[in-house]
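**Q** Attaching a single structure in structure tokens format; questions to follow.
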Amino acid sequence: MLSDKRPSELELVGKSPERSDDVEKLTGSATYVSDMSLPGMLHAQLKKSPHARARIVRIDTAKARAMPGVRAIVTGDELDYRLGLYVVDKRILARGEVRHYGEAVAAVAADTLMQAKAAADAIEVEYEVLKPILHHMDALKPDAPLVHPELGSYAYMAAAFTPQPGTNVANLTKLRKGDTELGFAASEWIVEREYSCPSVQHVPMETHVAIAKWERGDRVTVWTSAQSPFTVRNLMCIAFKLPHNNVRVHIPYVGGGFGGKAGIGVEPLVAVLSRAAGGKPVKFQATREEEFSLLPCRSALTYRLKTGVSTEGKILAQEMTLYWDSGAYADYAVNVTRASGYSASGPYEIPNAKVDSYTIYTNKPYGTAYRGFGHVEFHWALERHMELVAQAIGMDPVEFRRKNALRPGSKTLTGEVITEHTGNVLKCIDKAAEAIGYGRITPAEAEREKKTGWKIGKGVAALQKAPAMPSYTATAVFLKMNEDGTVTVNLALTDYGQGTYTSIRQIVAERLGFPLDKVKVSFECDTDKDPYDWQTVASKGLLMSGNAAILAAEDLLKNAYDTAARALRAQECDLAHDGEKVYLKHHPSKAVRFSAMAVGLALENGNGIGGPIVGVGRYIAQGLTFLDKETGEGNPALDWTYGAHGMTVEVNPDTGEYRVLKIASVYDVGKAINPEIVRGQAIGGMMQGLGTATCEGYIYDKDGRLLNPSFTDNKIPTAKDLPLEIETYVVETPQVDGPYGARGMAEHSMISVAAALGNAIQKASGAEIMHMPIRFEDVWRALNARESIDNWITKSPTGHCRSAPVQKN
Amino acid sequence: MLHDFRYAAPRTAPELLDLLEGEGAMMLAGGTDLLPNVRNGVFKPRLVVDVKKLPDSDRIAFGAEGLEFGPAVTLNDVLRSKDAREKYPALCACVHELASHQVRNRATVVGNVMNASPCSDTAPALLCLGARAIVRSKTGARELPFDHFFAGPKKTRLEKGEFLEKVIVPASSAGAKGRYLKLKRINGHDLGIVGVLMLEKDGALSFAVSSAAPTPVLVTGLRKGVAPDEAAAKVLAACSPITDVRATKEYREFMIGVYVRRLLSEGV
Amino acid sequence: MRILVKVNGDTYEREVAENRTLLRFLREDLGITGPKEGCGMGECGACTVFLNGRAVNSCMVLAVEADGATVDTVEGESKGPELSEIQKAFERNHAVQCGFCTPGMVMSVKELLRDNAKPSVDEIKEAVEGNFCRCTGYAQIVEAVLDLTGRASEKGGIGHVE
Ligand SMILES: Cc1cc2nc3c(=O)[nH]c(=O)nc-3n(C[C@H](O)[C@H](O)[C@H](O)COP(=O)(O)OP(=O)(O)OC[C@H]3O[C@@H](n4cnc5c(N)ncnc54)[C@H](O)[C@@H]3O)c2cc1C
Ligand code: FES
Ligand code: FES
């Protein structure tokens, strides 16, 4: 644990000071990229494909180019660049072939938005419509057409991924542990089931937006609503073959991201438009409809699980096959496949395991990171499966979970040994169960059942997640002391609402021993001025940047002590400090103020010593390794955060209508640096999990057109959808190498909410649900043994619905 | 971003009727249907004629004829009207189920019925309460009872050059009690999967159903004490729901039956 | 068309295209960027402002409709250095995360409290159901309103498991 203090000595860590960004946000003065406008700025609009798969026969821009206000038009043919973080498979604009509904084929920059729109409408595109591959299981068939025939020629990160050229498999992650054949042979029971979920949207309230200026000398400046400034810069430099110091990325306030803004988005597009327009700044903001179909979503999943269990209820063997539908591009989605591969069994010990996790190309909007990074989807399957296996062998599902849960000494799928410091999933499960009164119906609940005729049921689901990131992920933090002895913190981890900056501020102030108001974390990120951070993803921000911040604070103090020691003619070991000054321990009146040293100390005679006081902290993930490509062996996890939800629902056994009465969530966070921020992440993620569980998901018609690209038919939870009762708990098993013992938790709150719901609904009504979201109709169908509707993909109605804007070619 | 159109806010009915004759003229009340449809390219008006500056267009009052209100009366105006709340609780119940508070601050009853969506939430109340529309054209005004008002999805029986000037909810249905059940995908604001209103007046029962047929459905002629299954069968016979992204036809039919029975057993 | 509007107490006279929404007029013509666009379709409430004292989705109002009207946005919520009571309660209760929904949310709460000094939890939820917030999960927003109306004791908290 990176800490200089005992828990009882902490003054700021563990308290819930207000967020440092509140005032700007509450007064409307916080500036987001969508609020920005630059002198001479042009506006961009896109021509998008109305087809899921088609050959582009001809694009005629002549008419559009002649229209008033039009300054630049680009098409895929002019842009010979490919982009991608892990598999470099995406072009800025479609070239030759469109691969999903809503894909951009041409872009216009004009003086006004209206002019750009009119010109985009006037671009003529002739398509030869091809039969799309819509279902990921169809894409695996040997005769399936290829979404990316050139897969074999794409660059990719070879240490981590294994594309299968000549197929639609963008990556296959394999893992083998022990001997599953022996395990199944020794098993008393074998249960095999399949679970699924559709693609969903992140729905940040601010859609993707960027402004770029490509000036003479190939100097590119970007302002973007994104999570990871250095990744945007790096991928742009690689694609455009530009030196990194030519490209500057700014990220001001960001209106939510949830993973959808983790990688690269519309930045390269506005950049090439600006270049084509002679360097004028160009802005593009996605409409909500474009957010759904042009920009990435979360991949759909089909998860097959086969589990062998001993007479005593111990899992002896498990085969896990995950089929991820990454849509048309897999640049980021392959890593979801990989992370879900090594984590696929959740917080349970599986002695003999086999995992095959496929990333599959189809002709649909493409998948990327989304809060939970695959774990929301596969925990839906896994934690439903644990329930059904327990049921099949006649054991209480919570007991079954406890029996198989990871504990110190257990080995994970990749062979990592769990220790006392890893976290305690048993405590999470027990608390979640206790908080909802699992396993019994209280007299008040029985009374309620009698009155309503609805049945009450309770379910528990556990979860785990580790950050999914390269094994050598690194970050740095700069501290700068200002003239008055206050401190400004610079880092390129972004705070797009999750509150990390407030926690970092507490950590820095705690380590410096300064009052909170002397420390400011600067909001706008700027790759020219901030130190490197890999990405703001994976729930690794607090741990890694928190550690770097502590190291930076120590470095700053070292520099201050060095100056003070010279000024006071003392040894550093004899010095101490408070929020104002460094002083001699033995003679506290002999002191030198931070404000006097901050930018260099002037001695009595005018000589200067020291120089501006800064602190630099660097942190790189420790002890992680690549995974063996055949067995999956290795160390992938910076930390494991465990958790569990307990949920109480009431279900109308005739109609399938249901209500969530209570949810209790427990996470082993190591240390809650700011408990109210932890709670905000817990409840915010839980509600997002409920959205996924109850109502969200892409619906396509048979031609692959998205039927619900708007809030009219893609609902997200509102305040009225809050469960009646919400409880949040933390377990604090200190993370051995976390800042003050903390580990990440902001994605975890979304994981397993759906499974807890499914389990509780089944307990209440008997409905066995294998697909999420769980709509009332799905419960009704399950209760009446009617064929379930898979209108999320192929059997959906054809045609137009109110929320889908009218299509034009 | 909206496509290009002109805007006019006439202050008299004749002026409004002149403007309406123009090619591509469309009326604007609260704009909560019109403007999203313009944004999505479904409507392309050349001229938008705002009804809100007409004298008394925002008036809502109870008189000898019943509750009368003009084309600019918003849903929240209805909910705030003491007369509406006390004498027409069923109307308020339906109005309250429509969209969110902000939308109700703008959206009007007239705009809702003119939009003629099968999922209109105000139509069930107007149908059960026997309300009628006063429609004005250059040749004068005519009455159009709501059970003859809807011609199909998004189609009313208004002719080109006519506008809806007033809604009258008859005094004879004042005091009728009703309850509206609306099945949604979430608890928050949403278009209905189905909605069923039951109205009770002096032992007579009527039902109106939204999202169940090309137009809102009205079923009358039932008495209190009717066997629930009989009532459900009668209502269902008048419905012909479809499968769409919100639900299947089967589930809609099933839930209409459930709601009719639930309303009968739980009462208004 | 030429319009005259009073926004946050200041009068503006401007020429505006007839198809311009009030939201775009405020944001692009007047530089009042507190109200945000989250959908442009009346669904999300990020664009909520007061029009003649009532909360409306400014993405579904034409700027020309506001001719002669009074408009209030979150920018007018507090004058001077102090935050308003609503803003303070949001701050105290961690009711803000990314902040994109906040300007609209504050306006909806303001209308609620003007008409209803002690709203029930259900009334609070109903007042903001038209304001989507993807970050907070709403609980701390509801609690901010409870706190504001003297019911801080009804707030939830975080439990520590020993
Ligand atoms: C987020 C959201 C949620 C919604 N939820 C629901 C819902 O749950 N249930 C529901 O039923 N509706 C819903 N709606 C639709 C809409 O809000 C209602 O239909 C509303 O009542 C329309 O009223 P308006 O005054 O805004 O109509 P406007 O948009 O102004 O007009 C609607 C139509 O009527 C015409 N019109 C207006 N006034 C007249 C007149 N006097 N004479 C002739 N024609 C006229 C217009 O030209 C237009 O075609 C929702 C809309 C939104 C944006
Ligand atoms: S932007 Fe107006 S409601 Fe979403
Ligand atoms: S705080 Fe981000 S949407 Fe509400």
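The values are calculated or read from the model by the stated rules, or taken from the named source; none is laboratory data. Being a predicted model, the structure only gives us computed values, none of them experimental. Using ideal geometry, Cβ is built from the backbone for each residue, glycine included, and neighbour counts are taken over all protein chains shown. Protein only, heavy atoms only, side chains kept; ligands, DNA and RNA dropped before computing areas. Shrake-Rupley method; radii C 1.70, N 1.55, O 1.52, S 1.80 Å.
**Q** Only strands (runs of 3 or more DSSP E) wholly contained in the range B:1-78 count here; list those with 2 or more residues that are under 22 Å from C:Leu22 (Cα atoms) and within 10 Å of another protein chain (Cβ to nearest Cβ). Walk me through how you get there before you give the answer.
**A** On the way: elements: B:6-8, B:25-28, B:47-50, B:60-63, B:66-69.
Strands (runs of 3 or more DSSP E) meeting the threshold: B:6-8, B:47-50.
**Q** Residues that are closer than 30 Å to A:Met395 by Cα: which strands (runs of 3 or more DSSP E) entirely in the range A:430-549 hold 2 or more of them?
**A** Details: elements: A:455-465, A:474-481, A:487-490, A:519-521.
Of the strands (runs of 3 or more DSSP E) lying wholly inside the range A:430-549, those with at least 2 residues that are closer than 30 Å to A:Met395 by Cα span A:455-465.
**Q** Need at least 2 residues that are among the aliphatic types (A, V, I, L, M), more than 16 Å from ligand 3 (Cβ to nearest atom) and at pLDDT 95 or above per element, so show me which helices (runs of 4 or more DSSP H) inside the range B:100-161 make the cut, counting only ones lying wholly within it. Before the answer, list the steps.
**A** Numbers: elements: B:101-106, B:109-115, B:123-128.
Correct list: B:109-115, B:123-128.
Yes/no per residue for (1) under 28 Å from C:Thr102 (Cα atoms); (2) not in a helix (DSSP H, G or I):
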{"residue": "A:Thr221", "(1), (2)": "no, yes"}
{"residue": "A:Ala226", "(1), (2)": "yes, yes"}
{"residue": "A:Ala239", "(1), (2)": "no, no"}
{"residue": "A:Gly255", "(1), (2)": "yes, yes"}
{"residue": "A:Gln318", "(1), (2)": "no, yes"}
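**Q** Follow-up question, since we're still on this one. For the range B:15-28, what are the residues that are touching a residue at least 12 places away in the same chain (Cβ under 8 Å) and farther than 30 Å from B:Ala99 by Cα?
**A** Within the range B:15-28, B:Leu17, B:Leu19, B:Glu21, B:Gly22, B:Glu23 meet the criteria.
**Q** Select, from B:Ala204, B:Ala237, B:Ala232, the only residue that is away from ligand 1 (no atom under 16 Å from the Cβ) and within 14 Å of chain A (Cβ to nearest Cβ). Working first, answer last.
**A** Values: B:Ala204 fails: within 14 Å of chain A (Cβ to nearest Cβ); B:Ala237 fails: within 14 Å of chain A (Cβ to nearest Cβ).
Exactly one of B:Ala204, B:Ala237, B:Ala232 is away from ligand 1 (no atom under 16 Å from the Cβ) and within 14 Å of chain A (Cβ to nearest Cβ), namely B:Ala232.
**Q** Same structure, new question: All but one of (1) in contact (Cβ under 8 Å) with a residue 12 or more places away in the chain; (2) touching a Gly at 6+ places or on another chain (Cβ under 9 Å); (3) away from every other protein chain (no Cβ under 14 Å); (4) of a type outside the set (Gly, Ala, Ser) hold for A:Pro149; which doesn't?
**A** (1) is the only condition that A:Pro149 fails.
For every residue, the table says whether it meets (1) open to solvent by 10 Å² or more (accessible area, probe 1.4 Å); (2) part of a strand (DSSP E or B).
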residue: A:Gly278; (1), (2): yes, no
residue: A:Glu291; (1), (2): no, no
residue: A:Leu295; (1), (2): no, no
residue: A:Leu301; (1), (2): no, yes
residue: A:Thr307; (1), (2): no, yes
residue: A:Glu312; (1), (2): yes, no
residue: A:Trp324; (1), (2): no, yes
residue: A:Ala330; (1), (2): no, no
residue: A:Thr337; (1), (2): no, no
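**Q** Does A:Gly670 satisfy the criteria of being surrounded by 24 or more Cβ atoms within 10 Å (Cβ to Cβ), touching a Lys or Arg at 6+ places or on another chain (Cβ under 7 Å), over 17 Å from B:Leu183 (Cα atoms) and more than 7 Å from every other protein chain (Cβ to nearest Cβ)? Before the answer, list the steps.
**A** Details: surrounded by 24 or more Cβ atoms within 10 Å (Cβ to Cβ): yes; touching a Lys or Arg at 6+ places or on another chain (Cβ under 7 Å): yes; over 17 Å from B:Leu183 (Cα atoms): yes; more than 7 Å from every other protein chain (Cβ to nearest Cβ): yes.
Considered against the rule, which asks whether it is surrounded by 24 or more Cβ atoms within 10 Å (Cβ to Cβ), touching a Lys or Arg at 6+ places or on another chain (Cβ under 7 Å), over 17 Å from B:Leu183 (Cα atoms) and more than 7 Å from every other protein chain (Cβ to nearest Cβ), A:Gly670 comes out as yes.
**Q** From the list B:Val38, B:Val95, B:Val42, B:Val49, which residue is aliphatic (A, V, I, L, M) and closer than 25 Å to B:Val209 by Cα?
**A** On the way: B:Val38 fails: closer than 25 Å to B:Val209 by Cα; B:Val42 fails: closer than 25 Å to B:Val209 by Cα; B:Val49 fails: closer than 25 Å to B:Val209 by Cα.
Of the residues listed, the single one that is aliphatic (A, V, I, L, M) and closer than 25 Å to B:Val209 by Cα is B:Val95.
**Q** I've got another one for you. Inspect the range A:561-569 for any residue being on the phi > 0 side of the Ramachandran plot and outside the structural domain of A:Thr231 (by TED's automatic domain parsing) and give the result as yes or no. Even if it seems obvious, please write down each step before you answer.
**A** Taking the range A:561-569 as the starting set, the residues that turn out to be on the phi > 0 side of the Ramachandran plot are A:569.
Remaining after also requiring outside the structural domain of A:Thr231 (by TED's automatic domain parsing): A:569.
Yes - at least one qualifying residue is present in the range A:561-569.
**Q** Identify, by number, the condition in (1) open to solvent by 30 Å² or more (accessible area, probe 1.4 Å); (2) of a type in the set (Ser, Thr, Tyr); (3) within 16 Å of ligand 1 (Cβ to nearest atom) that C:Ser108 doesn't meet.
**A** All conditions are met except number (1).
**Q** Which one is farthest from B:Val78 (Cα to Cα), of the residues in the range B:29-55 that are open to solvent by less than 30 Å² (accessible area, probe 1.4 Å) and free of Cβ contacts under 8 Å to residues at least 24 places away in the same chain?
**A** Taking the candidates together, the pick is B:Asn40.
**Q** Can we say A:Gly685 is surrounded by 23 or more Cβ atoms within 10 Å (Cβ to Cβ), farther than 27 Å from A:Ile789 by Cα and touching a His at 6+ places or on another chain (Cβ under 6 Å)?
**A** Values: surrounded by 23 or more Cβ atoms within 10 Å (Cβ to Cβ): yes; farther than 27 Å from A:Ile789 by Cα: yes; touching a His at 6+ places or on another chain (Cβ under 6 Å): no.
It is false that A:Gly685 is surrounded by 23 or more Cβ atoms within 10 Å (Cβ to Cβ), farther than 27 Å from A:Ile789 by Cα and touching a His at 6+ places or on another chain (Cβ under 6 Å).
**Q** Now for a separate question. When you look at A:Gly615, is it within 30 Å of A:Glu420 (Cα to Cα), part of a strand (DSSP E or B) and at pLDDT 95 or above, yes or no? Step through it out loud before you land on a result.
**A** Numbers: within 30 Å of A:Glu420 (Cα to Cα): no; part of a strand (DSSP E or B): yes; at pLDDT 95 or above: yes.
Spelling it out, it is not the case that A:Gly615 is within 30 Å of A:Glu420 (Cα to Cα), part of a strand (DSSP E or B) and at pLDDT 95 or above.
**Q** Name the residue that is nearest to ligand 2 (Cβ to nearest atom), counting only residues in the range C:119-141 that are assigned to a helix (DSSP H, G or I) and surrounded by 24 or more Cβ atoms within 10 Å (Cβ to Cβ). Full working, then the answer.
**A** First, the residues of the range C:119-141 that are assigned to a helix (DSSP H, G or I): C:121-127, C:139-141.
Of the ones still in play, those that are also surrounded by 24 or more Cβ atoms within 10 Å (Cβ to Cβ) are C:124, C:127, C:139-141.
Working: C:Ile124: 19, C:Ala127: 15, C:Ala139: 22, C:Gln140: 22, C:Ile141: 17 Å.
That would be C:Ala127.
**Q** Right, A:Thr655: within 14 Å of chain B (Cβ to nearest Cβ) and among the hydroxyl-bearing types (Ser, Thr, Tyr) or not?
**A** The answer is yes for A:Thr655.
**Q** Kindly list the number of the only condition in (1) away from ligand 2 (no atom under 16 Å from the Cβ); (2) under 20 Å from B:Ser120 (Cβ atoms) that fails for B:Ala231.
**A** The one condition B:Ala231 does not meet is (2).
**Q** For the condition touching a strand residue (DSSP E or B) at 6+ places or on another chain (Cβ under 8 Å), of a type in the set (S, T, N, Q) and at pLDDT below 95, what is the one hit in A:Ser49, A:Ser20? It would help to see each step written out before you state the result.
**A** On the way: A:Ser49 fails: at pLDDT below 95.
Every option except A:Ser20 fails the conditions.
**Q** Is it true that B:Arg85 is without any contact (Cβ under 8 Å) to a residue 60 or more places away in the chain, assigned to a helix (DSSP H, G or I), touching a helix residue (DSSP H, G or I) at 6+ places or on another chain (Cβ under 6 Å) and open to solvent by 10 Å² or more (accessible area, probe 1.4 Å)?
**A** Numbers: without any contact (Cβ under 8 Å) to a residue 60 or more places away in the chain: yes; assigned to a helix (DSSP H, G or I): yes; touching a helix residue (DSSP H, G or I) at 6+ places or on another chain (Cβ under 6 Å): yes; open to solvent by 10 Å² or more (accessible area, probe 1.4 Å): yes.
Against the criterion (without any contact (Cβ under 8 Å) to a residue 60 or more places away in the chain, assigned to a helix (DSSP H, G or I), touching a helix residue (DSSP H, G or I) at 6+ places or on another chain (Cβ under 6 Å) and open to solvent by 10 Å² or more (accessible area, probe 1.4 Å)), B:Arg85 qualifies.
**Q** Based on this model, can you work out whether C:Val64 counts as open to solvent by less than 10 Å² (accessible area, probe 1.4 Å), more than 10 Å from chain A (Cβ to nearest Cβ), touching a residue at least 24 places away in the same chain (Cβ under 8 Å) and within 16 Å of ligand 1 (Cβ to nearest atom)? It would help to see each step written out before you state the result.
**A** Details: open to solvent by less than 10 Å² (accessible area, probe 1.4 Å): yes; more than 10 Å from chain A (Cβ to nearest Cβ): yes; touching a residue at least 24 places away in the same chain (Cβ under 8 Å): yes; within 16 Å of ligand 1 (Cβ to nearest atom): yes.
Against the criterion (open to solvent by less than 10 Å² (accessible area, probe 1.4 Å), more than 10 Å from chain A (Cβ to nearest Cβ), touching a residue at least 24 places away in the same chain (Cβ under 8 Å) and within 16 Å of ligand 1 (Cβ to nearest atom)), C:Val64 qualifies.
**Q** Pairs please, first residue from the range A:701-722 and without any contact (Cβ under 8 Å) to a residue 12 or more places away in the chain and in a helix (DSSP H, G or I), second anywhere and of a type outside the set (S, T, N, Q) and within 15 Å of ligand 1 (Cβ to nearest atom), Cβ atoms under 6 Å, 6+ apart in sequence or on different chains.
**A** Hits for this filter: A:Ala719/C:Val128; A:Ala719/C:Glu129; A:Lys720/B:Gly188; A:Lys720/C:Glu129.
**Q** Let me ask something additional. Just to be sure I understand the filter: pairs with C-beta atoms under 6 Å, separated by 6 or more residues or on different chains, first member in the range C:122-140 and in the same structural domain as C:Gly42 (by TED's automatic domain parsing), second member within 13 Å of ligand 3 (Cβ to nearest atom). Which pairs pass?
**A** Qualifying pairs under 6 Å: none.
**Q** Return the pair list, or none, for Cβ contacts closer than 8 Å from residues in the range A:616-634 that are farther than 25 Å from A:Ser357 by Cα to residues that are of a type in the set (Asp, Glu), at least 6 apart or on different chains.
**A** So the pair list comes out as A:Val616/A:Asp555; A:Gly617/A:Glu554; A:Gly617/A:Asp555; A:Gln622/A:Asp737.
**Q** So for the range C:78-95 (the condition being away from ligand 1 (no atom under 16 Å from the Cβ), within 14 Å of chain B (Cβ to nearest Cβ) and at pLDDT 95 or above), does at least one residue qualify?
**A** First pass over the range C:78-95, keeping only residues away from ligand 1 (no atom under 16 Å from the Cβ): C:78-95.
The next check asks that each one be within 14 Å of chain B (Cβ to nearest Cβ); those that pass are none.
No, that holds for no residue.
**Q** Would you tally the residues in the range C:20-33 being away from ligand 2 (no atom under 16 Å from the Cβ) and either facing chain A (nearest Cβ under 9 Å) or open to solvent by less than 20 Å² (accessible area, probe 1.4 Å) (or both)?
**A** Residues of the range C:20-33 away from ligand 2 (no atom under 16 Å from the Cβ): C:29-31.
Applying the additional criterion that residues be either facing chain A (nearest Cβ under 9 Å) or open to solvent by less than 20 Å² (accessible area, probe 1.4 Å) (or both) yields C:31.
Residues in the range C:20-33 being away from ligand 2 (no atom under 16 Å from the Cβ) and either facing chain A (nearest Cβ under 9 Å) or open to solvent by less than 20 Å² (accessible area, probe 1.4 Å) (or both): 1 in total.
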